[in-house]
Amino acid sequence: MSSKAVVVPEPAPARLLSWWVTGGIFLLYCLYLPVSGYTEMVYDALNYWTLTERFFQHGSFHLLAYNDALRGYFLPLLNLPAKAVTHFTGADPLVLTRLMGAAYAALLFGWAAPGLWLALFPTHRLGWGPRLAVAAVGFLFWRDYFNFVLSDFPALLALLLGLRLAVQHPGGRQAVLIGCCAAAASNIRPVYLLAAPMVGLLACVASTEPRRWGTVPAGLLLGFALLSGPQLLLNGRHHGVWTPLVLSRDARLPTANLYLAQLGWGLVVQKYETSLDPEFPSPRMLYTDPAGQALLQRQAIRHFTDYPAYIRAVLREPLAFAALYGRHLFNGLDVQYPTLFVRQVAQRSGGLSWLHYTLWFGAGVVAAQWRALSRRQMLLVSLVVGALLLPCLASLPIAIECRFLLPLHLLLYATACFGGAQGRRPAQWSKPRVGLLLVGYGLFLLLCFTLSAQTRSHLTPDVRVLAPLGGAEAQAN
């Protein structure tokens, strides 16, 4: 196939299979979420839901009335139709948020993830097995998150859609949509802004026709401007800052900059979760890091006033920071509860932990035996992986939550399930290789369970660990 060839569309049976799986996932969540045990929205979930009210001024809708400095306008705008239905019908808000959550889950696990994989690897075939495997894993580890209108899943969905369009030899019109997707993802979750240059570069590289080399960058900029323009007007009108980016300001914080505050909290808290368990003393589940607390004391840090101060701190003890963020990486991947709001803190499943660690190991094995790719395909894969990992990399220094590494989770699931379905079967491997893998697998499991138990041993509800950083009141979902 020449470099100018267009990606062959997914065969009709494969498209039909994709929609069957997507519809099945939607139905599964519609049946499960109403009996999942949640009766109200709290903390972040409630905040995201009520942000829509900021569009209303004197009883009527005005787009430019939205004045939140912490979160962008686009997610509240997406939630507006559901909010309107509850207002005019009196329906329970959870009914609407669960329908939206079921749709996000179905599109993410049933359509976007396999669609992007097949766009990258058009010779692969994904049957029922690998598709249902990813859907099952998503359900096992993330199912209760979809009760609520959180920012993580729609942001990732927008990014995956943009990446899929970018891989498929885009022209000017597709480039506008790609720019819109990148802007939507970064407006919903500002850390996804780091993925935008990778998405744009991917679209330019994948556009093989010379006549498109000028229209694609122009389309990308136009699409990004269309979605970011309202944020520019909102920032200028309400905050006097003319930028199309979300300000991420919180007046409760010492520096008002949320990310700077999170960099400080990340020194003493290696993981953060939220409890609804009446037997747990506080809604804040803080997994402290003794080594990070010692680092804080050695450097006499109260909070980071700017990014140069943070960089200087890292340069003074780079190995200590590297080890600290290595623990953050493990804990951000170590999903202990399938929910944002933990109802029973003591209820952890060793079996699910084993499954998760096995998926990580399987993804590593699949990646290690990956067949040689052409230089061009390797470039496309690298750009997609970079777009998914850069937001995760920026999340590592903060007080980590598992949802912050959602792109990496999905990448591991896809590699293990989709990639594993294309490779050689274990029965075809030599006995020495199988033995070596089993030994490595056992040691890997031992390491993971040990690290997880260590983290859990440092769980505390005592928010005073954040007090030296000025965060005792601000760090709450």
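The values are calculated or read from the model by the stated rules, or taken from the named source; none is laboratory data. Keep in mind it's a predicted model, so treat the numbers as computed, not measured. Note: ideal-geometry Cβ built from the backbone for every residue, glycine included; neighbour counts use all protein chains shown. Note: accessible area is taken over every heavy atom of the protein model, side chains too, but ligands, DNA and RNA are not part of it. Shrake-Rupley method; radii C 1.70, N 1.55, O 1.52, S 1.80 Å.
Summary of values
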{"read-out": "Mean accessible surface per residue for region 98-180, computed with a 1.4 Å probe while every protein chain stays in place, in Å²", "value": "28 Å²"}
{"read-out": "At 0.890 mPa s and 25 °C, Stokes D of region 326-441 from Kirkwood alpha-carbon radius, µm² per second", "value": "152 µm²/s"}
{"read-out": "Tail fraction, Cα-Cα pairs, the chain, threshold 30 Å, whole percent", "value": "49 percent"}
{"read-out": "Simple Cβ-charge dipole of region 258-468, Lys/Arg +1 and Asp/Glu -1, about Cα centre, in debye nearest 20", "value": "760 debye"}
{"read-out": "Positive dipole terminus of region 258-468, leading residue within L410, I398, A309 (C-beta point charges)", "value": "L410"}
{"read-out": "Kirkwood Rh in Å, taken over region 258-468 so that all alpha-carbon pairs contribute", "value": "19.1 Å"}
{"read-out": "For region 251-369: accessible area per residue (Å², 1.4 Å)", "value": "43 Å²"}
{"read-out": "Residue-level accessible surface for T123, protein heavy atoms, 1.4 Å, Å²", "value": "120 Å²"}
{"read-out": "Cα-centred dipole magnitude for region 246-369, charges only on beta-carbon of K, R (+1) and D, E (-1), debye, nearest 20", "value": "260 debye"}
{"read-out": "Exposure of R125 as accessible area (Å², to 10), given a probe of 1.4 Å and all protein chains", "value": "150 Å²"}
{"read-out": "Spatial separation of Cα centroids for region 47-69 and region 271-285, in angstrom", "value": "30 Å"}
{"read-out": "For V342, residues with placed amide H under 5 Å, excluding near neighbours", "value": "T274, S275, L276"}
{"read-out": "Region 258-468, accessible surface, carbon-and-sulfur percent (1.4 angstrom probe)", "value": "66 percent"}
{"read-out": "Cβ crowding within 10 Å averaged over residues, with 277-290, 435-448 ranked highest first", "value": "277-290, 435-448"}
{"read-out": "Calculated from backbone phi, Karplus (6.51, -1.76, 1.60) coupling profile of region 435-447 in Hz, x at Gly/Pro", "value": "x, 5, 5, 5, 5, x, 4, x, 5, 4, 4, 4, 4"}
{"read-out": "Whole-angstrom gap from region 153-196 to region 87-113, using each part's C-alpha centre", "value": "21 Å"}
